[in-house]
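Trainee: Quick one: the structure is below, and I'll ask about it shortly.
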Amino acid sequence: MSIEDVISAERQRYVNFYVEAKAGLSASREDVVGELLISINNDQIPYPYRYVRADFVSKGDNGQPQVSEVRIDADPAFEARGYNFGAFQVEVRPFTWSSVQVVFDKPPQNLQQIEGWITRWLDVEDCGAMSQDGLSGAVHSFSQIESNGRLWFLTGDFGTAPADALIQFIELIASQGMSRIALKAG
């Protein structure tokens, strides 16, 4: 199975779950809005990491907005796989589309390039250019890059973005000189 097939299958598993969750919530709540772009009002969180797409916002029992998050467990049948692309290797461990931790072996060389990619796929301008089938086609959030001194990592909720988004991200990280990249649950 190719890495593209593995990523596409996990994305579809999540999107199916997301659509079912939205239908269930819509049957029991009023005014359900999916994938609402929110900017966290905290200057301590740098751009673009302060942007989040809430899975669902609905009217709660008290009439106030209620935010709901969709979480799906990793597929218990998922088997870790390794892929060798010559200049870099990718290890794919069990992960979920809504919580992918991307781990790499070197510090990024161009943080602006990474943040530009995040901004594009978050659709911070909220133009809906990637929307399809009533879904935004956007990622929902990303953490800032962190390091434990040996490895660097960030975690993303890929929301309803297409599988190509994660593939592009792997290519972007690899283009910055990484030789080992891993995907795992965040």
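The values are calculated or read from the model by the stated rules, or taken from the named source; none is laboratory data. Remember, it's a predicted structure, so these values are computed and weren't measured experimentally. Virtual Cβ from ideal backbone geometry, glycine too; neighbours counted across all protein chains shown. What goes into the accessible areas is simple: the full protein's heavy atoms, side chains included, and nothing from ligands, DNA or RNA. Shrake-Rupley method; radii C 1.70, N 1.55, O 1.52, S 1.80 Å.
Trainee: In this structure, does T119 turn out to be of a type in the set (S, T, N, Q), under 16 Å from the mean Cα position of the chain (by Cα), surrounded by 14 or more Cβ atoms within 10 Å (Cβ to Cβ) and in a strand (DSSP E or B)? Before the answer, list the steps.
Mentor: Values: of a type in the set (S, T, N, Q): yes; under 16 Å from the mean Cα position of the chain (by Cα): yes; surrounded by 14 or more Cβ atoms within 10 Å (Cβ to Cβ): yes; in a strand (DSSP E or B): no.
The answer is no for T119.
Trainee: Suppose we filter S2, S26, S8 for residues that are under 30 Å from N84 (Cα atoms) and over 17 Å from the mean Cα position of the chain (by Cα); which single one remains?
Mentor: On the way: S26 fails: under 30 Å from N84 (Cα atoms); S8 fails: over 17 Å from the mean Cα position of the chain (by Cα).
After ruling out the rest, the residue left standing is S2.
Trainee: Report every pair of residues separated by at least 6 positions or lying on different chains whose Cβ atoms are under 8 Å apart, first residue within region 112-136 and among the acidic types (D, E), second open to solvent by 30 Å² or more (accessible area, probe 1.4 Å) and at pLDDT 85 or above.
Mentor: E115/Y47; D123/L37; D126/L37
Trainee: Going by the conditions given, is V67 in contact with a strand residue (DSSP E or B) (Cβ under 8 Å, 6 or more places away or on another chain) and without any contact (Cβ under 8 Å) to a residue 40 or more places away in the chain? Reasoning before the result, please.
Mentor: Working: in contact with a strand residue (DSSP E or B) (Cβ under 8 Å, 6 or more places away or on another chain): yes; without any contact (Cβ under 8 Å) to a residue 40 or more places away in the chain: yes.
It is true that V67 is in contact with a strand residue (DSSP E or B) (Cβ under 8 Å, 6 or more places away or on another chain) and without any contact (Cβ under 8 Å) to a residue 40 or more places away in the chain.
Trainee: Could you give me the residue pairs with C-beta distances under 8 Å whose first residue belongs to region 141-160 and is closer than 19 Å to E91 by Cβ, whose second residue is of a type in the set (S, T, Y) and open to solvent by 30 Å² or more (accessible area, probe 1.4 Å) wherever it lies, and which are 6+ apart or on separate chains?
Mentor: F153/S147; L154/S143; T155/S143; G156/S141; G156/S143
Trainee: On the given criteria, is K22 among the basic types (K, R), more than 22 Å from G159 (Cβ to Cβ) and out of contact with any Pro (no Cβ under 8 Å at 6 or more places or on another chain)?
Mentor: On the way: among the basic types (K, R): yes; more than 22 Å from G159 (Cβ to Cβ): no; out of contact with any Pro (no Cβ under 8 Å at 6 or more places or on another chain): yes.
For K22, the condition - among the basic types (K, R), more than 22 Å from G159 (Cβ to Cβ) and out of contact with any Pro (no Cβ under 8 Å at 6 or more places or on another chain) - is not met.
Trainee: Just checking, how many residues over region 156-186 are part of a strand (DSSP E or B) and under 19 Å from A74 (Cβ atoms)? Give the derivation first.
Mentor: We begin by selecting, within region 156-186, every residue part of a strand (DSSP E or B); these are 156-157, 180-185.
Keeping just the survivors that are under 19 Å from A74 (Cβ atoms) gives 156-157, 181-185.
Of the residues in region 156-186, 7 are part of a strand (DSSP E or B) and under 19 Å from A74 (Cβ atoms).
Trainee: Within region 92-116, count every residue that is open to solvent by 10 Å² or more (accessible area, probe 1.4 Å), under 22 Å from Q176 (Cβ atoms) and assigned to a loop (DSSP other than H, G, I, E, B).
Mentor: 7
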